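Presented below is the structure to which this report refers.
The values are calculated or read from the model by the stated rules, or taken from the named source; none is laboratory data. Computed from a predicted structure; not experimentally measured. Using ideal geometry, Cβ is built from the backbone for each residue, glycine included, and neighbour counts are taken over all protein chains shown. Quick note on the areas: whole protein, heavy atoms, side chains included, nothing else; ligands and nucleic acids left out. Shrake-Rupley method; radii C 1.70, N 1.55, O 1.52, S 1.80 Å.
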Amino acid sequence: MQLDIRWNNDGLAPCIVQDNATKEVLMLAYMNKESLELSIRTKIAHYFSRSKQRVWMKGESSGNTQKICSLHIDCDSDSILINVEQNGVACHTGNKSCFFMSMLEDHLETTKPNSKEPLKYSIATYGVLDTLYHTLLERKNESVKSSYTSLLYTKGDNAIAKKVIEEAGEFCFAFKDKEIKEIVYECADLFYHIFVALASLNIHPDIIYQELLRRMGTSGIEEKQSRSQSNLNK
(Lines give C-alpha, C1' and ligand atoms only; values in the text may rest on other atoms or scores of the structure.)
Protein backbone atom coordinates (compact mmCIF):
# COMPACT_ATOMS: atom_id res chain seq x y z
CA MET A 1 0.00 0.00 0.00
CA GLN A 2 1.38 3.37 -1.04
CA LEU A 3 1.30 5.98 1.73
CA ASP A 4 1.91 9.70 1.17
CA ILE A 5 4.22 11.40 3.65
CA ARG A 6 3.52 15.00 4.61
CA TRP A 7 7.07 16.32 4.30
CA ASN A 8 7.94 19.58 6.06
CA ASN A 9 9.05 22.69 4.16
CA ASP A 10 12.57 21.26 3.83
CA GLY A 11 11.25 18.02 2.36
CA LEU A 12 11.99 16.11 5.56
CA ALA A 13 10.10 14.10 8.17
CA PRO A 14 11.32 13.20 11.71
CA CYS A 15 12.05 9.53 12.25
CA ILE A 16 12.08 7.81 15.65
CA VAL A 17 14.28 4.71 15.78
CA GLN A 18 13.61 1.92 18.29
CA ASP A 19 15.43 -1.28 19.16
CA ASN A 20 13.15 -4.01 17.84
CA ALA A 21 13.77 -6.33 20.80
CA THR A 22 13.70 -3.92 23.75
CA LYS A 23 11.71 -1.02 22.23
CA GLU A 24 14.35 1.35 23.62
CA VAL A 25 14.47 4.61 21.67
CA LEU A 26 17.89 4.68 20.01
CA MET A 27 17.89 7.96 18.12
CA LEU A 28 15.92 10.65 16.33
CA ALA A 29 16.83 11.23 12.71
CA TYR A 30 15.28 12.74 9.59
CA MET A 31 14.30 11.21 6.28
CA ASN A 32 13.57 12.66 2.87
CA LYS A 33 11.89 10.87 -0.03
CA GLU A 34 15.17 9.40 -1.33
CA SER A 35 16.32 8.04 2.03
CA LEU A 36 12.88 6.55 2.71
CA GLU A 37 12.83 4.81 -0.66
CA LEU A 38 16.36 3.47 -0.08
CA SER A 39 15.37 2.23 3.37
CA ILE A 40 12.30 0.43 2.05
CA ARG A 41 14.18 -1.11 -0.87
CA THR A 42 17.31 -2.23 1.00
CA LYS A 43 15.75 -2.87 4.46
CA ILE A 44 18.77 -0.96 5.84
CA ALA A 45 18.13 2.41 7.50
CA HIS A 46 19.07 5.47 5.44
CA TYR A 47 18.56 9.04 6.64
CA PHE A 48 19.04 12.61 5.49
CA SER A 49 21.72 14.44 7.45
CA ARG A 50 20.79 18.09 7.99
CA SER A 51 24.38 18.90 8.94
CA LYS A 52 26.00 17.04 6.03
CA GLN A 53 23.18 17.97 3.65
CA ARG A 54 23.06 14.56 2.03
CA VAL A 55 21.52 11.09 2.30
CA TRP A 56 23.58 8.69 4.41
CA MET A 57 23.31 5.06 5.40
CA LYS A 58 23.44 4.54 9.15
CA GLY A 59 26.78 2.87 9.86
CA GLU A 60 28.48 3.88 6.60
CA SER A 61 31.51 5.02 8.62
CA SER A 62 31.17 3.11 11.88
CA GLY A 63 29.72 -0.17 10.62
CA ASN A 64 26.87 0.24 13.12
CA THR A 65 24.14 -0.48 10.59
CA GLN A 66 20.42 -0.81 11.30
CA LYS A 67 18.40 -3.64 9.76
CA ILE A 68 14.78 -2.56 9.44
CA CYS A 69 12.21 -4.85 11.05
CA SER A 70 9.18 -2.57 10.70
CA LEU A 71 8.39 0.90 9.44
CA HIS A 72 5.27 2.93 10.26
CA ILE A 73 4.00 6.48 9.88
CA ASP A 74 1.82 8.27 12.40
CA CYS A 75 -1.84 9.27 12.04
CA ASP A 76 -0.91 12.68 10.62
CA SER A 77 1.46 11.10 8.08
CA ASP A 78 4.25 13.49 9.09
CA SER A 79 6.40 11.31 11.39
CA ILE A 80 8.06 7.93 10.89
CA LEU A 81 8.72 5.12 13.36
CA ILE A 82 11.29 2.43 12.59
CA ASN A 83 12.07 -0.69 14.59
CA VAL A 84 15.55 -2.01 13.86
CA GLU A 85 18.09 -4.66 14.69
CA GLN A 86 20.97 -2.46 15.80
CA ASN A 87 24.44 -3.65 14.85
CA GLY A 88 26.75 -2.25 17.55
CA VAL A 89 25.63 1.04 19.07
CA ALA A 90 23.45 3.85 17.72
CA CYS A 91 25.23 6.87 19.24
CA HIS A 92 28.53 8.30 18.00
CA THR A 93 29.67 8.59 21.64
CA GLY A 94 29.74 4.82 22.01
CA ASN A 95 26.51 4.69 24.00
CA LYS A 96 23.80 2.33 22.76
CA SER A 97 21.18 5.09 22.60
CA CYS A 98 21.60 8.78 21.85
CA PHE A 99 19.27 9.46 24.80
CA PHE A 100 21.65 8.68 27.65
CA MET A 101 21.71 12.02 29.51
CA SER A 102 19.00 12.56 32.11
CA MET A 103 17.76 16.06 32.90
CA LEU A 104 16.48 15.02 36.33
CA GLU A 105 18.75 16.18 39.15
CA ASP A 106 18.88 12.81 40.90
CA HIS A 107 19.99 11.04 37.70
CA LEU A 108 22.51 13.49 36.26
CA GLU A 109 25.62 11.83 37.63
CA THR A 110 24.54 8.23 37.09
CA THR A 111 23.82 8.74 33.41
CA LYS A 112 26.74 10.98 32.50
CA PRO A 113 29.21 8.96 30.37
CA ASN A 114 32.90 8.63 31.05
CA SER A 115 34.49 11.60 29.27
CA LYS A 116 37.45 9.68 27.84
CA GLU A 117 35.94 6.41 26.64
CA PRO A 118 33.32 7.95 24.30
CA LEU A 119 36.03 10.17 22.80
CA LYS A 120 38.30 7.16 22.16
CA TYR A 121 35.38 5.29 20.61
CA SER A 122 34.39 8.21 18.41
CA ILE A 123 37.93 8.80 17.09
CA ALA A 124 38.46 5.11 16.34
CA THR A 125 35.06 4.80 14.65
CA TYR A 126 34.42 8.10 12.91
CA GLY A 127 37.92 9.55 12.50
CA VAL A 128 39.74 12.53 13.95
CA LEU A 129 38.21 15.40 11.95
CA ASP A 130 34.58 14.32 12.32
CA THR A 131 35.09 13.76 16.05
CA LEU A 132 36.83 17.14 16.35
CA TYR A 133 33.85 18.86 14.73
CA HIS A 134 31.33 17.30 17.11
CA THR A 135 33.58 18.07 20.08
CA LEU A 136 33.70 21.73 19.04
CA LEU A 137 29.91 21.81 18.83
CA GLU A 138 29.75 20.53 22.41
CA ARG A 139 32.17 23.25 23.54
CA LYS A 140 29.54 25.89 22.72
CA ASN A 141 27.73 24.94 25.92
CA GLU A 142 30.77 24.76 28.20
CA SER A 143 32.12 27.34 30.61
CA VAL A 144 34.64 29.84 29.27
CA LYS A 145 36.68 29.18 32.41
CA SER A 146 37.37 25.58 31.38
CA SER A 147 37.29 25.73 27.58
CA TYR A 148 39.48 27.82 25.26
CA THR A 149 37.09 27.03 22.39
CA SER A 150 34.09 28.24 24.38
CA LEU A 151 35.98 31.46 25.08
CA LEU A 152 36.58 31.93 21.34
CA TYR A 153 32.87 31.47 20.64
CA THR A 154 32.07 34.07 23.29
CA LYS A 155 34.46 36.59 21.73
CA GLY A 156 32.66 36.26 18.41
CA ASP A 157 33.34 35.99 14.69
CA ASN A 158 36.08 38.63 14.52
CA ALA A 159 38.16 36.84 17.17
CA ILE A 160 37.74 33.48 15.43
CA ALA A 161 38.63 34.94 12.03
CA LYS A 162 41.66 36.69 13.54
CA LYS A 163 42.93 33.38 14.97
CA VAL A 164 42.51 31.64 11.58
CA ILE A 165 44.54 34.38 9.90
CA GLU A 166 47.17 34.27 12.65
CA GLU A 167 47.55 30.49 12.46
CA ALA A 168 47.66 30.57 8.65
CA GLY A 169 50.52 33.06 8.85
CA GLU A 170 52.46 30.91 11.33
CA PHE A 171 51.94 27.88 9.10
CA CYS A 172 53.29 29.82 6.10
CA PHE A 173 56.41 30.91 8.03
CA ALA A 174 57.05 27.29 9.06
CA PHE A 175 56.53 26.17 5.48
CA LYS A 176 58.94 28.81 4.17
CA ASP A 177 61.58 27.69 6.67
CA LYS A 178 60.96 24.01 5.75
CA GLU A 179 60.81 23.06 9.43
CA ILE A 180 58.84 19.80 9.17
CA LYS A 181 58.02 19.50 12.88
CA GLU A 182 56.85 23.12 13.02
CA ILE A 183 54.86 22.70 9.79
CA VAL A 184 52.94 19.78 11.30
CA TYR A 185 52.36 21.64 14.57
CA GLU A 186 51.18 24.85 12.92
CA CYS A 187 49.04 22.95 10.42
CA ALA A 188 47.25 21.23 13.31
CA ASP A 189 46.64 24.65 14.90
CA LEU A 190 45.30 25.96 11.60
CA PHE A 191 43.00 22.97 11.11
CA TYR A 192 41.69 23.38 14.64
CA HIS A 193 40.81 27.04 14.25
CA ILE A 194 39.28 26.52 10.80
CA PHE A 195 37.06 23.83 12.35
CA VAL A 196 36.11 26.24 15.15
CA ALA A 197 34.96 28.67 12.45
CA LEU A 198 33.00 25.95 10.66
CA ALA A 199 31.42 24.70 13.88
CA SER A 200 30.43 28.24 14.85
CA LEU A 201 28.20 28.30 11.74
CA ASN A 202 27.22 24.61 12.03
CA ILE A 203 28.93 23.76 8.74
CA HIS A 204 29.77 20.05 8.84
CA PRO A 205 33.19 19.16 7.35
CA ASP A 206 31.44 16.58 5.17
CA ILE A 207 30.08 19.49 3.13
CA ILE A 208 33.68 20.56 2.48
CA TYR A 209 34.53 16.98 1.48
CA GLN A 210 31.61 17.01 -0.97
CA GLU A 211 32.88 20.22 -2.55
CA LEU A 212 36.38 18.75 -2.90
CA LEU A 213 34.87 15.62 -4.43
CA ARG A 214 32.92 17.76 -6.89
CA ARG A 215 36.16 19.43 -7.99
CA MET A 216 38.06 16.17 -8.48
CA GLY A 217 38.36 15.41 -12.17
CA THR A 218 38.11 19.12 -12.97
CA SER A 219 41.25 21.12 -13.53
CA GLY A 220 41.91 24.00 -11.16
CA ILE A 221 41.91 26.41 -14.10
CA GLU A 222 38.47 25.24 -15.25
CA GLU A 223 37.10 25.41 -11.71
CA LYS A 224 38.33 28.99 -11.21
CA GLN A 225 36.97 30.03 -14.60
CA SER A 226 33.53 28.60 -13.74
CA ARG A 227 33.52 30.56 -10.46
CA SER A 228 34.59 33.76 -12.23
CA GLN A 229 31.81 33.34 -14.79
CA SER A 230 29.30 32.67 -12.04
CA ASN A 231 30.33 35.88 -10.23
CA LEU A 232 29.94 37.86 -13.46
CA ASN A 233 26.41 36.54 -13.91
CA LYS A 234 25.32 37.72 -10.45
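Observations, loosely collected:
- Using a cut-off of 22 Å between Cα atoms, the listed pairs Lys52/Lys155; Lys23/Lys52; Lys52/Lys145; Lys145/Lys181; Lys140/Lys163 include Lys52/Lys155; Lys23/Lys52; Lys52/Lys145; Lys145/Lys181 as exceeding that distance.
- Accessible area of the stretch 167-208 belonging to carbon and sulfur atoms, whole % at 1.4 Å probe: 71 percent
- Solvent-accessible ranking of Glu34, Glu186, largest area first, probe 1.4 Å: Glu34, Glu186
- Computed 3J(HN,Hα) for the stretch 177-185, one whole-Hz value per residue from the Karplus formula 6.51 cos²θ - 1.76 cosθ + 1.60 where θ = phi - 60°, is 7, 6, 8, 4, 4, 5, 4, 4, 4, glycine and proline marked x.
- Inter-site label distance for Ala168 and Cys75 at 7 Å from Cα along Cβ, in nm: 5.6 nm
- For the stretch 206-217, putting each phi into the Karplus relation 6.51 cos²θ - 1.76 cosθ + 1.60 with θ = phi - 60° gives couplings of 4, 5, 5, 4, 5, 5, 5, 5, 4, 7, 5, x Hz, in residue order, rounded to whole numbers and with x for Gly and Pro.
- Normalised size of the stretch 1-92, defined as Cα radius of gyration per 2.2 N^0.38 Å with N residues, equals 1.00.
- A 1.4 Å probe, protein heavy atoms only, puts the accessible area of Ile73 near 50 Å².
- Of the whole protein surface, Arg6 contributes about 150 Å² of accessible area at a 1.4 Å probe radius.
- The loop-placed trypsin sites (Lys or Arg not before Pro) in the stretch 143-175, going by DSSP, that have at most 11 neighbouring Cβ atoms within 10 Å of their Cβ come out as Lys145.
- Ranked order, His72, His92 - accessible area, probe 1.4 Å, largest first: His72, His92
- Accessible-area value, Leu28, 1.4 Å probe, nucleic acids and ligands omitted, Å²: 90 Å²
- FRET efficiency for the pair Lys23 and Leu212, taken as 1/(1 + (r/R0)^6) with r the Cβ-Cβ distance and R0 = 35 Å, rounds to 0.25.
- Sequence-ordered 3J(HN,Hα) estimates for the stretch 160-167 from the Karplus curve with 6.51, -1.76 and 1.60 and θ = phi - 60° stand at 5, 4, 4, 5, 4, 5, 4, 5 Hz, glycine and proline given as x.
- Heavy-atom accessible area, probed at 1.4 angstrom with all protein chains present, ranks Thr22, Thr93 as Thr22, Thr93, highest first.
- A simple spin-label model places the labels of Arg41 and Arg54 1.8 nm from each other, with each point 7 Å out along Cα-to-Cβ.
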